[in-house]
Amino acid sequence: RADVGLYRAKGSGRNRSVVETSHQPLLAAELVEAIEHGTLDVHFQPIVDVADNGAIVGFEALLRWSSQTQFGVTPAEVVRVAEENNLIPTLGRQVLATACRQALQLQRSFPDRRLMLSVNVSGLELIHGDYADSVERVLHTTGWPAEQLVLEITESVLDIDAYMTVANLHSLRAHGIRIAIDDFGTGYSSLSRLANLPTDILKLDGSFIAAAVHVADPPPLLNVIAKLSEVLALPVIVEGVETADQAAVLASLGFSLAQGFYYGKPQSVSDLVDTRGLAETAI
Ligand code: C2E
Ligand code: MG
Ligand code: MG
Ligand code: MG
């Protein structure tokens, strides 16, 4: 699959060895079963507004599979196996539906704001002419509002079928769904590609904030991205914030949205309730 190889410019290094072992056929077969039985789950990581005291404004849904530890694979590797075995359209729909259903439960604990639900999408979903319609159907079935859904894509989605991908993105946006560019800053020719993608939000890759240590000495690139966000009027979510110092740096540069272990790790809805004291009865 030459197209898949090209698409995976980013994930092909570190993760390659795992799925090339003899476990892959077994892993793929188990994944088919998990999809058939609907046993894939999602965890939710808070997205916060640092300018509003770290208030939760939404959650990113991240795939979790009970067999992932048994196979010793990460979610990214599970996604890759799904892509290589043509399981991704079904997996993507299931993850989206599960995320929407569980987000409706979470929303009940936040009566004073409309949560944004952010869901990752593979480039191999966007090449299907009916993708935008399938998202619409999931929203209709689950009842999650289009205006509260963000779909996260990476710049590399353009490598597979730019025409169909862009058509799908326009149609999703016409329905009120927002598009975020994930891992922003790590792809090649980021800025020229950005101009070709209908985009509402940038998710800045965690490597940028990792370089931040002290408010008095912010990394120059972070400064540039803060300006870019302002000039293009594109909100940025700074990803991978792990320390109080990093949080202080991003706030000092005027970023308002952030995500990372410092604010909260991905958790199941029930764990979120336990650790955050969300209204239990509502869930
Ligand atoms: P991503 O979309 O960029 O998600 C962020 C990843 O960074 C998550 O890893 C999250 O657990 C991790 N993370 C969050 N905060 C921090 C932090 O402060 N420090 C560090 N070091 N890491 C942090 P996870 O859940 O293992 O997911 C990895 C990737 O797998 C995701 O990267 C995404 O590309 C893909 N993925 C996950 N779920 C799905 C899905 O449902 N569909 C698709 N297509 N891809 C998914
Ligand atoms: Mg993401
Ligand atoms: Mg990301
Ligand atoms: Mg990432």
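The values are calculated or read from the model by the stated rules, or taken from the named source; none is laboratory data. Keep in mind it's a predicted model, so treat the numbers as computed, not measured. FYI the Cβ positions are ideal-geometry reconstructions off the backbone, even for glycines, and counts take in every protein chain you see. The protein model used for the area step is the full one, side chains on, heavy atoms only, and it has no ligands, DNA or RNA in it. Shrake-Rupley method; radii C 1.70, N 1.55, O 1.52, S 1.80 Å.
Looking across the stretch 72-104 at every residue that is in contact with a strand residue (DSSP E or B) (Cβ under 8 Å, 6 or more places away or on another chain) and among the β-branched types (V, I, T), the one that is surrounded by the fewest Cβ atoms within 10 Å (Cβ to Cβ) is identified as T98. When you check Y163 against the structure, is it open to solvent by 50 Å² or more (accessible area, probe 1.4 Å), of a type in the set (S, T, Y) and under 19 Å from N196 (Cβ atoms), yes or no? The answer is yes for Y163. If the condition is being closer than 20 Å to S122 by Cβ, more than 16 Å from ligand 3 (Cβ to nearest atom) and modelled with pLDDT of 95 or more, then the stretch 170-220 contributes H170, S171, L172, R173, H175, I177. Hey, does the stretch 205-228 have a residue that's within 22 Å of A103 (Cβ to Cβ), in contact (Cβ under 8 Å) with a residue 12 or more places away in the chain and more than 14 Å from ligand 1 (Cβ to nearest atom)? No, the stretch 205-228 contains no residue that is within 22 Å of A103 (Cβ to Cβ), in contact (Cβ under 8 Å) with a residue 12 or more places away in the chain and more than 14 Å from ligand 1 (Cβ to nearest atom).
Based on what the data block shows, is F71 over 19 Å from the mean Cα position of the chain (by Cα), in contact (Cβ under 8 Å) with a residue 12 or more places away in the chain and within 21 Å of K265 (Cβ to Cβ)?
On the way: over 19 Å from the mean Cα position of the chain (by Cα): yes; in contact (Cβ under 8 Å) with a residue 12 or more places away in the chain: yes; within 21 Å of K265 (Cβ to Cβ): no.
It is false that F71 is over 19 Å from the mean Cα position of the chain (by Cα), in contact (Cβ under 8 Å) with a residue 12 or more places away in the chain and within 21 Å of K265 (Cβ to Cβ).
For N196, which of the numbered conditions (1) buried (at least 20 other Cβ atoms within 10 Å of the Cβ); (2) away from ligand 4 (no atom under 16 Å from the Cβ) fails to hold? Result: N196 fails condition (1) only. Among the numbered conditions (1) touching a helix residue (DSSP H, G or I) at 6+ places or on another chain (Cβ under 8 Å); (2) more than 16 Å from ligand 3 (Cβ to nearest atom); (3) closer than 25 Å to H170 by Cα; (4) open to solvent by less than 70 Å² (accessible area, probe 1.4 Å), the only one that L228 does not meet is (1). State whether one or more residues within the stretch 106-121 are charged (D, E, K, R) and within 16 Å of ligand 4 (Cβ to nearest atom). For the stretch 106-121, residues charged (D, E, K, R) and within 16 Å of ligand 4 (Cβ to nearest atom): absent.
Of V42, V48, V79, all but one fail to be of a type outside the set (S, T, Y), farther than 29 Å from L158 by Cβ, within 16 Å of ligand 3 (Cβ to nearest atom) and at pLDDT 90 or above; the exception is V48. Of all residues in the stretch 55-70, those being of a type outside the set (S, T, N, Q) and open to solvent by 30 Å² or more (accessible area, probe 1.4 Å) number 2. Taking the stretch 179-269 as the region of interest, the helices (runs of 4 or more DSSP H) fully inside it that hold 2 or more residues being closer than 19 Å to I56 by Cα and of a type in the set (A, V, I, L, M, F, W, C) are 244-252. Looking only at the stretch 40-54, residues that are open to solvent by 30 Å² or more (accessible area, probe 1.4 Å) and in contact with a Lys or Arg (Cβ under 7 Å, 6 or more places away or on another chain) come to 2 in all.
In the condition set (1) more than 17 Å from the chain's Cα centre (by Cα); (2) acidic (D, E); (3) more than 28 Å from V81 (Cα to Cα), D130 is compliant with all but (3). Within the stretch 112-167, the residues that satisfy the criterion of being part of a loop (DSSP other than H, G, I, E, B) and touching a residue at least 60 places away in the same chain (Cβ under 8 Å) are G123, L124, T154.
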